[in-house]
Each structure stands twice: as C-alpha cells, then as structure tokens.
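*Asks:* Have a look at the structure that comes next, please.
The values are calculated or read from the model by the stated rules, or taken from the named source; none is laboratory data. On a predicted model such as this, the values are computed, not experimentally measured, just so you know. Cβ placement follows ideal geometry from the backbone for every residue including glycine, while neighbour counts extend to all protein chains displayed.
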Amino acid sequence: MTAMWMAGLQLLADDAPRNNGPDFGKASPFGLLIVVLLMIATFFLVWSMNKHLRKLPQSFDRQRPEPDQALDEGNVDMEDPGNSGSTHGEQGGQPTS
C-alpha cells in the first residue's frame, strides 16, 4: 500500500507544469481593477465606521444613567427621538413629586 502511494507521489512530483505559455503568471488588468475597487470599498467602510464610533459616548457610565433612562423606561417615542416622551406625569424620565 505504501509503495503505491509513493509511486503516485513520484508521478505527481515529476510532472512538469502544463501552463507555461507566454502569458502564464501575468496578472490581467481586470484583476487590478478588482483589487483597486476592494481597496476603495475598504477605505469607505473604515471611514464610515469611524464616523459612527465618534458618535458613541466616551464611556457607558452606570453612575450617570440619565441620558438613556427614558429609553430604558419606555418613555421615548421612537418616531421622534428628540422628544423625551414624558407621559403619565413624568418629567424627563423622572417621576414628579
């Protein structure tokens, strides 16, 4: 069994490359176009990601939950995120006394 494997490997190792014409190994302009388009797409994806990351707060501090408290309590109208949606006698997500 091992001799058969070795003979097969020897046959594969001795086989000369079949693609040795004048254009073998040369890249086409279409390949260059694809690489350039992928680089441009990557640039815009990184640019967009950085733009979105700048909108995040510096830290998600649990000691000061006021900015997202109204959203957690369900008092924010999702169609108008600027509206605090104070309902049921609450002011800015905090109950009135």
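*Asks:* Have a look at A13, A41 and point out the one that is loosely packed, with under 10 Cβ neighbours inside 10 Å and at pLDDT 70 or above.
*Replies:* Result: A13 is the single residue among A13, A41 that is loosely packed, with under 10 Cβ neighbours inside 10 Å and at pLDDT 70 or above.
*Asks:* Exactly one condition in (1) at pLDDT below 65; (2) out of contact with any helix residue (DSSP H, G or I) (no Cβ under 6 Å at 6 or more places or on another chain); (3) of a type outside the set (A, V, I, L, M, F, W, C) is not met by G93; state its number.
*Replies:* (2)
*Asks:* Would you check if L56 is in a loop (DSSP other than H, G, I, E, B) and modelled with pLDDT of 75 or more?
*Replies:* Judged against the criteria, L56 is a match.
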